[in-house]
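Please treat every number below as a calculation from the coordinates, not as lab data. Worth saying up front: this structure is predicted, and the values here are computed from it rather than measured. Every residue, glycine among them, receives a Cβ derived from its backbone with ideal geometry; neighbour counts consider all protein chains shown.
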Amino acid sequence: MTLATTRRQVLGGLATTVASPALLTSTRAYAANPTIRVGHVSPRTGPLAGFAEADEHVLAGIDAAFADGVPNNGKSYGVEIISKDSQSNPNRAAEVAADLILGEEVDLIVAASTPDTTNPVADQAEVNEVPCITTDCPWQPYFFGRNGNPAEGFQYTYHFFWGLEDVIANFLDLWGGSGVSRTVAGLFPNDAAGNAWGHPELGFPKPLAEAGFTLVDPGRYQPLNDDFSNYIAAFK
């Protein structure tokens, strides 16, 4: 598959998504010069800012790709992306998501980078019945961190990314060679991500034990903690 073909397919998929009937519910979308508004939330500043370093470049590329609008059923729809900074704070992520949904009246909201961003944004979208797509967060802390029920799922919020099982399988393969210590130290934060990685069934403990490893887990540390002396002592 050529790069050009891949790009056409991606843009075609995006066009189909933003122009789907489920999103075209506002009066603005059916105006003489209709515009579909897309809200975007990511951690541009704060401890998680590294995840969003490429945002400006990526958003500029998307704006250029949609500069002539999105054709759908004989009409061209403009696409406006409104980006907000979560400041690496889940409360702020929820706040800007609510502003995008209720203030800017976006038709679709997207978010990325860790459960601190994806989960509060998705929760706001779900309660306000606005379609939401998130990524860059393992699916377990996203789904179970939002108290998701596998039998029911969610109505308006969707997520795509790899799962903890994929990373754990790679670690086990990496550590599977001869001469590798069978004792593993676990240092997990007290947040949705850390609680998922350290979960006895969903995270590291069960597959490590099944593979013959001993996991030393002294408990969760608080995010932004700057003293790990007790944890280091437990690992010695």
Could you tell me how many degrees, from 0 to 90 and to the nearest 10, lie between the Cα long axis of helix 164-174 and the main elongation axis, the longest principal axis, of the Cα atoms of the chain? 50 degrees
Can you give the log10 of the normalised intensity I(q)/I(0) at q = 0.13, 0.32 Å⁻¹, computed with Debye over equal Cα scatterers of the stretch 56-103? -0.45, -1.05
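Give me the number: length gained by fully extending R220 to E56, i.e. 0.36 nm times residue separation minus the C-alpha to C-alpha distance, one decimal in nm.
Numbers: separation 164, 0.36 × 164 = 59.04 nm, distance 3.41 nm.
Between R220 and E56, full extension yields an extra 55.6 nm.
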With springs only between Cα atoms under 10 Å, which of Y221, Y142, Y158 fluctuates most in a Gaussian network model of the chain? Y221
√(5λ) per eigenvalue of the Cα gyration tensor, the stretch 22-139, largest first, Å: 25, 17, 11
Roughly how big is the chain's charge dipole about its Cα centre, with Cβ charges of +1 (Lys, Arg) and -1 (Asp, Glu), in debye to the nearest 20? 360 debye
P(r) for the chain, please, calculated from all Cα pair distances in 10 Å bins and given in %. 7, 26, 30, 21, 11, 4, 1
Can you show me the helix-derived [θ] at 222 nm for the chain, built from DSSP H runs with n ≥ 4 at -39,500 (n - 2.57) apiece and divided by the number of residues, rounded to the nearest 500. -10500 deg cm²/dmol
Which of V106, V121 has the fewest Cβ neighbours within 10 Å, and the rest in rising order: V106, V121
Given H placed 1.01 Å from N in the peptide plane, which residues other than close sequence neighbours of A185 have an amide H under 5 Å from its amide H? V216
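Compute the projected area of the convex hull of the Cα atoms of the stretch 164-235, averaged over all viewing directions, and report it in nm² to one decimal place.
Values: hull surface 20.1 nm².
Mean shadow area of the hull around the Cα atoms is 5.0 nm².
If you average the sequence gap of Cα pairs under 8 Å that are 6 or more apart and divide by the length of the chain, what percent do you get for the contact order? Kindly include the intermediate steps, with their values, before the conclusion.
Values: 366 pairs, mean separation 33.3, N = 236.
Value for the chain: 14 percent.
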